Amino acid sequence: MADNERIPVLKTWKLFVKGAFPRSESGRTLALHGPKGELVAHLSHASRKDLRDAVEAARAAFPGWSGATAYLRGQIVYRLAEMLEGRRGDLADGIRATTGASRKKAEAEVDRAIDRTVCWAGWCDKFQMVLGSRNPVAGPYHNFSMPEPGGVCVALQADAGETPLLGFMSLVLPPLCAGNAVVAVADARHPLGALLVAESAPTADVPAGALNVLTGQAAELASWVAGHRDVDSVHAQAGGEVAATLRAGAAENLKRVTVLSADEDFGDEERWTNPRRLASFVETKTIWHPSSA
Amino acid sequence: MWTSGLGSPEGAGPIHRVFKVESGRFRTHRYDRRMPESSSGTAPVAPWDYSPAPETVPVTVPERTRLFVGGKFIDPRSGRWFDTVNPATEAVLSRIAEGDASDVDAAVAAARKALKPWSKLPARERAKYLYRIARRIQERARELAVLETMDGGKPIKESRDVDVPLAAQHFFHHAGWCDKLRYAVPGGDPRPVGVCGQVIPWNFPLLMAAWKLAPALACGNTVVLKPAETTSLTAMRLAEILQECDLPPGVVNIVTGAGDTGRALVEHDGVDKVAFTGSTEVGKRIAKACAARGTRLTLELGGKSPNIVFADAAIDQAIEGIVQGIWFNQGHVCCAGSRLFVEESVLPEVTRKLEMRMRTLRVGDPLDKNTDIGAINSKGQLQTIERYIAAGAEEGCTVCQSGQQALPAKGYWCRPTFMTGVQPAHVVAREEIFGPVLAVMSFRTPEEAISRANNSPYGLAAGVWTEKGSKVFDVARRLQAGVVWCNTYNQFDATSPFGGFKESGFGREGGMQGLAAYLAE
């Protein structure tokens, strides 16, 4: 070793729960490998307890996040886009480290992910207008319907496909912008973009617990997610057994489950900027009130 | 010198006294503040002094304020300039460029040139410019608030807490619409209208600029904006912000001037859409001009908005709503709740409490953070208001004004005022005063309240005060008004459409409905 050679500081990527960055309580880690099998980094390997902690944090954050004005939520999500814009290089490097994508392709994905964040920031104070209604009931009643966030959503990325960061953001943003508290599980093979988003969240003033990010084995976590009684909805990209587990388990407490296939095209702007993506993450509340004195 | 004529029932009181705005030094900051009555209904407690609490952010105002055309600040081709004064001190703040027809030509040409590239820009990229503008307004909020107060006379607490934050929200909200327009218009293929000519009033200078610019830009239009002649400064500061945000040249052009400048703009052949906020009188003239050329038009005009207090209202809360409704921004509010209808059984209670509350309001230095009522925007407007107060007295109304506090020696001031014994035919019950003057009337049944409230050529806003929910919705439904505030008043939000029925204009600003005016049919 030459005298002047600098030894790089290696980073272990940690979980993001309740605004803090803990290791897995289980002490487990996962090795993250590059496209040629080289070791990239070590990750925390989330356990069932970590999932429970994250759901608990999300539940605690839900009243504050859903009760904040839509304008404030919009500004916070927009701030997240500002933070991500400042880390474009890191995000592209994170994508490339595990996918081996060209710089150009990775940068294009980062740009799309940031633009999608901006788009959904804008939905925060608009989807209520598009999805709500004033209903002309045949009687002297003022009757209106409005979408409310469902509660705690788990966004589970089991199989990230071609665009891990864009996919991760597309899973997280609709439930988050609707006012749900989100527990996101990043694909353990391509998690670096998601973990950089987690690192950006506190500086964007995302309240602690409103967004939590775990890394772990999707197959393992899926059954715990499906069976968790305090999870209201699931937004997943998964195939095969993981998908089947989520669907079957969810029936227990009638979770709203949306499972996308591994080849979902997150680049489809029409589909992924459409407020219909919110359907599973809001409940429509209809209020009747007499309107004749 | 204060005499209250409120002991007598409505209609029976003689003319009590009309107070002239008097001169007197305003250095001591002695206010004639009294506490509202205690719950036992005893007399007010003794007044106390307030120390001055002036806003201190220094704002530099350039000696000359030029036009903003094609992304550059330029001297007017007209070669003419006019003074803008601080209505609280009568000091000249700056010399403002007076744009003439040739200046308007240049601005419209710049907007036309910018239209194609701006409207072809991908919507999500257009959005980024609007987000930048919203952010810069937030970052320069204090400066904008101080400048707004210096130029227009409104209390700093209002420019700081209402005008500027709402202006930022308007840009932020509309930024998000840029790439979502197809969801705002049913079955729509959203396309911009083209070049918009926008003329705005002096009561909320920056906020009105935001209300006009944000939806127009979000929909892909380009704009020529004409601020009111007494309040150009914040619009020009906004132009600086647009430059900072690298908004493409010509997308927004600002031409300052008075009525002739505005006329040249709204009658310009190169303008595809006109939006005007101001008086109904001018609005009708503009409507004629636009009708002749088939120009798209939206108008947000005057009002004489009713504020109805039922006996079953939470009276103390209603008093705050009445105060907010008529004395917010010196009453320079198109939707001011300037006709108060009180159910007869609670009239004595309401007028008594209103008088108490009115006397706690502090009139004076708009830059003082404790000031409730700032300066009247211009000498001309002060004269108009004084004429109306005199007319009310001549017609037999009882004029109640808080009168003990000394007013500054210079500047344009009007004490908060209400009149009782007002009959529907009185001029103060029919015409828009645009000042801190409230006409108080009574009613016996909801039907009477509604029919009298609707008995106006205007239909901008209305207030309803009752604790009974069904009555809220029933009365709200039957009122002819574009905005009905129930158990609140003067609330504004970028997501909420604003605009009037009848001669208060047509079209809405804000919310989803506000976008329609800026999209081709």
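The values are calculated or read from the model by the stated rules, or taken from the named source; none is laboratory data. Given the structure is predicted, the values throughout are model-derived calculations rather than measurements. In this analysis, Cβ positions are derived from the backbone assuming ideal geometry, glycine residues included, and neighbour counts consider all displayed protein chains.
Structure notes:
- Residue within region B:357-370 that is farther than 28 Å from B:Val483 by Cβ, at pLDDT below 95 and assigned to a helix (DSSP H, G or I) present: yes
- Selection within region A:260-293 - closer than 19 Å to A:Val118 by Cα, within 14 Å of chain B (Cβ to nearest Cβ) and loosely packed, with under 13 Cβ neighbours inside 10 Å: A:Glu270, A:Arg276
- Top-ranked residue of region B:422-449 - restricted to ones that are more than 25 Å from the chain's Cα centre (by Cα), outside any loop (DSSP other than H, G, I, E, B) and touching a residue at least 12 places away in the same chain (Cβ under 8 Å), ranked as farthest from B:His332 (Cα to Cα): B:Pro446
- For B:Ser159, the conditions (1) touching a helix residue (DSSP H, G or I) at 6+ places or on another chain (Cβ under 6 Å); (2) more than 24 Å from B:Ile376 (Cβ to Cβ); (3) more than 14 Å from chain A (Cβ to nearest Cβ); (4) of a type outside the set (Val, Ile, Thr) all hold with the exception of (2).
- Taken together, the criteria exclude B:Ala453 from residues that are within 14 Å of another protein chain (Cβ to nearest Cβ), buried (at least 18 other Cβ atoms within 10 Å of the Cβ) and over 24 Å from B:His173 (Cα atoms).
- Residue selected from region B:482-521 under the condition among the aromatic types (Phe, Trp, Tyr) and more than 19 Å from B:Cys196 (Cβ to Cβ), by the criterion surrounded by the fewest Cβ atoms within 10 Å (Cβ to Cβ): B:Phe492
- Number of the condition not met by A:Arg271 [criteria: (1) in contact (Cβ under 8 Å) with a residue 40 or more places away in the chain; (2) over 15 Å from the mean Cα position of the chain (by Cα)]: (1)
- Summed over region A:141-165, residues that are exposed (fewer than 14 other Cβ atoms within 10 Å of the Cβ) and modelled with pLDDT under 95 total 0.
- Among the residues of region B:120-135, those identified as surrounded by fewer than 20 Cβ atoms within 10 Å (Cβ to Cβ) and either more than 11 Å from every other protein chain (Cβ to nearest Cβ) or of a type in the set (S, T, N, Q) (or both) are B:Lys120, B:Leu121.
- Exactly one residue out of A:Ala188, A:Ala222, A:Ala244 is on the phi < 0 side of the Ramachandran plot and surrounded by fewer than 16 Cβ atoms within 10 Å (Cβ to Cβ): that is A:Ala244.
- Subset of region A:87-123 (residues that are of a type in the set (Gly, Ala, Ser) and either facing chain B (nearest Cβ under 10 Å) or free of Cβ contacts under 8 Å to residues at least 40 places away in the same chain (or both)): A:Gly89, A:Ala92, A:Ala101, A:Ser102, A:Ala106, A:Ala108, A:Ala121, A:Gly122
- Here is the figure for region A:23-52: residues that are free of Cβ contacts under 8 Å to residues at least 40 places away in the same chain, surrounded by 14 or more Cβ atoms within 10 Å (Cβ to Cβ) and of a type outside the set (Gly, Ala, Ser) total 5.
- Scoring B:Gly482 on the criteria (1) out of contact with any Phe, Trp or Tyr (no Cβ under 7 Å at 6 or more places or on another chain); (2) small (Gly, Ala, Ser); (3) touching a residue at least 24 places away in the same chain (Cβ under 8 Å) leaves a single failure, condition (1).
- Residue match in region A:128-140 (condition: facing another protein chain (nearest Cβ under 10 Å) and surrounded by fewer than 16 Cβ atoms within 10 Å (Cβ to Cβ)): yes
- Flag for A:Asn253 being modelled with pLDDT of 95 or more and not β-branched (Val, Ile, Thr): no
- Odd one out for B:Val195 among (1) over 13 Å from B:Phe276 (Cα atoms); (2) more than 14 Å from chain A (Cβ to nearest Cβ); (3) out of contact with any strand residue (DSSP E or B) (no Cβ under 8 Å at 6 or more places or on another chain): (3)
- Taken over region B:487-513, the criterion of being within 11 Å of chain A (Cβ to nearest Cβ) and over 17 Å from the mean Cα position of the chain (by Cα) is satisfied by B:Thr495, B:Gly511, B:Met512, B:Gln513.
- Any hit, region B:467-478, residues being away from every other protein chain (no Cβ under 14 Å) and not β-branched (Val, Ile, Thr): no
- Odd one out for B:Arg95, checked against (1) in contact (Cβ under 8 Å) with a residue 24 or more places away in the chain; (2) within 27 Å of A:Ala113 (Cβ to Cβ); (3) not polar (S, T, N, Q): (2)
- Every condition in (1) farther than 17 Å from A:Trp65 by Cβ; (2) part of a loop (DSSP other than H, G, I, E, B) holds for A:Ser223 except the one numbered (2).
- The helices (runs of 4 or more DSSP H) located wholly in region B:91-160 include none with 1 or more residues which are among the acidic types (Asp, Glu), touching a Gly at 6+ places or on another chain (Cβ under 7 Å) and within 30 Å of B:Gln324 (Cα to Cα).
- All positions within region B:222-260 that are hydroxyl-bearing (Ser, Thr, Tyr) and either over 21 Å from the mean Cα position of the chain (by Cα) or not in a helix (DSSP H, G or I) (or both): B:Thr222, B:Thr230, B:Thr231, B:Ser232, B:Thr256
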